[in-house]
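Down below is the structure, laid out as structure tokens.
The values are calculated or read from the model by the stated rules, or taken from the named source; none is laboratory data. Just so you know, these numbers come straight off a predicted model, no measurement behind them. Heads up, the Cβs are rebuilt from the backbone with ideal geometry, glycines too, and the neighbour counts pull from every protein chain shown.
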Amino acid sequence: MSSKLIISSKIILLFTVLAGMFVLSTLAKPYPLSWAIKLLPMLLLIGLAIQKLGFTKESRYFVLGLVFSVGGDFILDYDRQNWFIFGLGAFFIAHLFYLASLKPYIKHLFQSKYLTISLLYIVYGTVMLLLLADGLGEMFVPVVAYMSILLLMALATILSEKSNAWLIVGGISFVLSDSLIGFDKFYMPIENVSFAIMISYYFAQFSLLKGFLEAQNLLIKKAV
């Protein structure tokens, strides 16, 4: 990797069109093979990540995070009612890979600004859990485990030495998307919620990739 890693405007447009196709189609679901349309934007991101980053020690965890996200996407669209727990598991693993890809982390975690941000995420998670708790039933433990790893991933985008605006926004957007899923499924149904869920989800994944590329660009610049 000798040149700056960028996402061309043509690829951004293609990703936007593919994502927009599925987002708009959520207003007309269900329809046959909807999962195939859902996966297209993510497959584009995986191909882009491999093209730009390869499958090196530095990048493979991030690529695997995208791959397990695709697995979760398929499971949740193919049979969300019966396979929800498996989709949750796939995204749990995806976040573990994202956490690994964000290493190393800053050494001075106890600075006031980082403690404040950590507290905000903890408070948010606690409030969401209190809202959802009564509706979780036997899903209580899996959902709490997933919420914990999700918030940890979002926090890691700030605490990572690779941290940048794109990574942070990606983490926040992922939390927003999954919060909407939890609120709709376990607290109160929201009309056409999939529209907002998928916009924030696709934006989250794009932002994480963009942020990871920016972090790699910084490493390249320092190495020159």
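Observations on the structure shown:
- When residues of segment 92-117 are limited to those that are in contact (Cβ under 8 Å) with a residue 40 or more places away in the chain and over 16 Å from the mean Cα position of the chain (by Cα), the one farthest from G170 (Cα to Cα): L109
- When L40, L33 are checked against the criterion of being touching a helix residue (DSSP H, G or I) at 6+ places or on another chain (Cβ under 7 Å) and not charged (D, E, K, R), a single residue qualifies: L40.
- Residue pairs meeting the criteria (Cβ under 6 Å; at least 6 apart or on separate chains; first basic (K, R), in segment 209-221; second part of a helix (DSSP H, G or I) and surrounded by fewer than 21 Cβ atoms within 10 Å (Cβ to Cβ)): K210/W166
- Residue identified as closer than 26 Å to L151 by Cβ and of a type outside the set (V, I, T) among L24, L96, L33, L13: L96
- Residue in segment 92-111 that is surrounded by 16 or more Cβ atoms within 10 Å (Cβ to Cβ), at pLDDT 90 or above, over 30 Å from I220 (Cβ atoms) and not hydrophobic (A, V, I, L, M, F, W, C) present: no
- Screening segment 156-177 for residues that are surrounded by fewer than 21 Cβ atoms within 10 Å (Cβ to Cβ) and of a type in the set (A, V, I, L, M) and picking the one that is farthest from Y202 (Cα to Cα) gives L159.
- Summed over segment 186-195, the residues that are surrounded by fewer than 18 Cβ atoms within 10 Å (Cβ to Cβ) and either without any contact (Cβ under 8 Å) to a residue 12 or more places away in the chain or more than 21 Å from V127 (Cα to Cα) (or both) give a count of 6.
- Segment 1-33, subset small (G, A, S) and surrounded by fewer than 16 Cβ atoms within 10 Å (Cβ to Cβ), residue farthest from F195 (Cα to Cα): S2
- Looking only at segment 150-209, residues that are touching a Pro at 6+ places or on another chain (Cβ under 6 Å) and in a helix (DSSP H, G or I) come to 1 in all.
- Of everything listed in (1) within 24 Å of S59 (Cα to Cα); (2) buried (at least 19 other Cβ atoms within 10 Å of the Cβ); (3) within 18 Å of the chain's Cα centre (by Cα); (4) not aromatic (F, W, Y), the single unmet condition for Q216 is (3).
- The lone exception for V123 - which of (1) exposed (fewer than 11 other Cβ atoms within 10 Å of the Cβ); (2) under 23 Å from K162 (Cβ atoms) it fails: (2)
Table: residues versus (1) at positive phi; (2) modelled with pLDDT of 95 or more; (3) aliphatic (A, V, I, L, M).
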| position | (1), (2), (3) |
| --- | --- |
| E161 | no, no, no |
| V175 | no, yes, yes |
| N192 | yes, no, no |
| Y202 | no, yes, no |
| Q205 | no, yes, no |
| K221 | no, no, no |
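- For L64, the criteria (1) surrounded by 19 or more Cβ atoms within 10 Å (Cβ to Cβ); (2) farther than 21 Å from L39 by Cβ; (3) within 14 Å of the chain's Cα centre (by Cα) hold in every case but one, which is (2).
- Any chance F15 is among the hydrophobic types (A, V, I, L, M, F, W, C) and modelled with pLDDT of 90 or more: yes
- Residue check for L45: surrounded by 12 or more Cβ atoms within 10 Å (Cβ to Cβ), under 18 Å from the mean Cα position of the chain (by Cα), closer than 17 Å to M198 by Cβ and not small (G, A, S): yes
- Output for segment 163-183, where each listed residue is more than 15 Å from A94 (Cα to Cα) and touching a Leu at 6+ places or on another chain (Cβ under 6 Å): G182
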